[in-house]
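**Q** Attaching a single structure in structure tokens format; questions to follow.
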Amino acid sequence: NAGVMQNPRHLVRRRGQEARLRCSPMKGHSHVYWYRQLPEEGLKFMVYLQKENIIDESGMPKERFSAEFPKEGPSILRIQQVVRGDSAAYFCASSPPSLGGSSDTQYFGPGTRLTVL
Amino acid sequence: AQSVSQHNHHVILSEAASLELGCNYSYGGTVNLFWYVQYPGQHLQLLLKYFSGDPLVKGIKGFEAEFIKSKFSFNLRKPSVQWSDTAEYFCAVHAGGTSYGKLTFGQGTILTVHP
């Protein structure tokens with residue numbers, strides 16, 4: 001069973017360009033989370049999605065950032081007009097459907113390291 | 001809002017030494033607790049988790065953690081570390097008692113084990 005897949009692994013963009021980060025959850029998983037890790041910091045939650053729905057976007061910056069998880073295909077984190085402060089590692093995690101109300105473990109992908117020049 | 005604090009940013013040990021990494025969280029309600037490890041060049045992997053029941057949980061590679069509710073702590077331990085344990089360790093909390101939702105992470109602790 002393949003794990004969570006993210007691509008690209010490394011992405012370089014110039015200021016003002018757009019960055020599109022992709023995440024394919026583990027097979028059978030219907031919940032996707034995005035986290036950002038800035039240098040010398042822990043992971044910070046950004047957004048939680050289920051298929052075609054944004055459940056919690058309380059960690060998303062108000063501007064330039066958006067996320068989707070369409071019915072078909074991977075989840076996409078999109079950053080418009082990137083700035084140097086967007087340089088970070090972006091991690092995706094997925095978890096399986098609910099099992100009687102108990103919390104489930106999130107499984108992480110390898111991350112995308114975004115560098116903004 | 002909940003927060004997670006890991007006491008040490010960088011811990012340096014010799015092989016066979018005992019390890020304890022501190023983790024405290026601030027949230028008064030039901031929590032689920034996790035320790036993740038990130039080996040150099042690799043992605044986060046789950047070491048162990050606590051949902052309910054026995055507060056002493058055992059994970060992979062000889063690690064264990066104890067949930068002490070009164071102290072809001074979930075410290076990670078290993079009796080004898082190996083060079084291969086060199087990695088960054090993250091404590092994480094899922095708060096609120098719901099089925100799903102965000103994890104709040106600590107800042108991470110870098111463990112360096114010298115042979």
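**Q** Over the Cα atoms of chain B, each weighted equally, I'd like the Debye log10 I(q)/I(0) at q = 0.16 Å⁻¹, rounded to two decimals.
**A** For chain B, the Cα-only Debye profile gives -0.69.
**Q** Search the structure for amide H atoms under 5 Å from the amide H of A:Gln17, placed 1.01 Å from N in the peptide plane, and list their residues when 5 or more places away or on another chain.
**A** Under 5 Å from the amide H of A:Gln17: A:Val82.
**Q** Can you list the HN-Hα couplings for the range B:14-20, worked out from phi with the Karplus curve (6.51, -1.76, 1.60; θ = phi - 60°), rounded to whole Hz and with x for Gly and Pro?
**A** With the stated coefficients, the range B:14-20 comes to 9, 3, 6, 6, 8, 10, 9 Hz.
**Q** Taking a threshold of 28 Å on the Cα-Cα distance, which of the pairs A:Lys44/A:Lys71; A:Lys27/B:Lys71; A:Lys27/B:Lys49; B:Lys49/B:Lys71 fall above it? Numbers along the way, then the final one.
**A** Details: A:Lys44/A:Lys71 26 Å; A:Lys27/B:Lys71 38 Å; A:Lys27/B:Lys49 22 Å; B:Lys49/B:Lys71 18 Å.
Exceeds cut-off: A:Lys27/B:Lys71.
**Q** Something else: Once the Cβ-Cβ distance between A:Leu117 and A:Glu68 is put in as r, and R0 is 30 Å, what FRET efficiency do you end up with, to the nearest 0.05?
**A** 0.70
**Q** Counting other C-beta atoms within 10 Å, which of A:Arg36, A:Arg9 has the fewest, and how do the rest follow?
**A** Working: A:Arg36 22, A:Arg9 10.
Ascending Cβ contact count within 10 Å gives the list A:Arg9, A:Arg36.
**Q** Between A:Ala2 and A:Ile55, 0.36 nm times their residue separation minus their Cα-Cα distance comes to what?
**A** Details: separation 53, 0.36 × 53 = 19.08 nm, distance 2.50 nm.
Result: 16.6 nm gained on full extension.
**Q** Roughly how large, in nm² to one decimal, is the mean projection of the convex hull of the alpha-carbon atoms in the range A:26-96? Intermediate results must be reported in sequence, preceding the final value.
**A** Values: hull surface 19.9 nm².
Orientation-averaged projected area of the Cα hull: 5.0 nm².
**Q** Work through the residues other than B:Ala16 whose Cβ is under 13 Å from its Cβ and net out their charges, Lys, Arg +1 and Asp, Glu -1. Walk me through the numbers on the way to the answer.
**A** Values: positive: B:Lys78; negative: B:Glu15, B:Asp85.
Surrounding charge for B:Ala16 is -1.
A short reminder: the numbers here are calculations on the coordinates, not readings from a lab. Everything numeric in this text was worked out from a predicted model, so none of it was measured. So basically every Cβ, Gly included, is an ideal-geometry build from the backbone, and we count neighbours across all protein chains shown.
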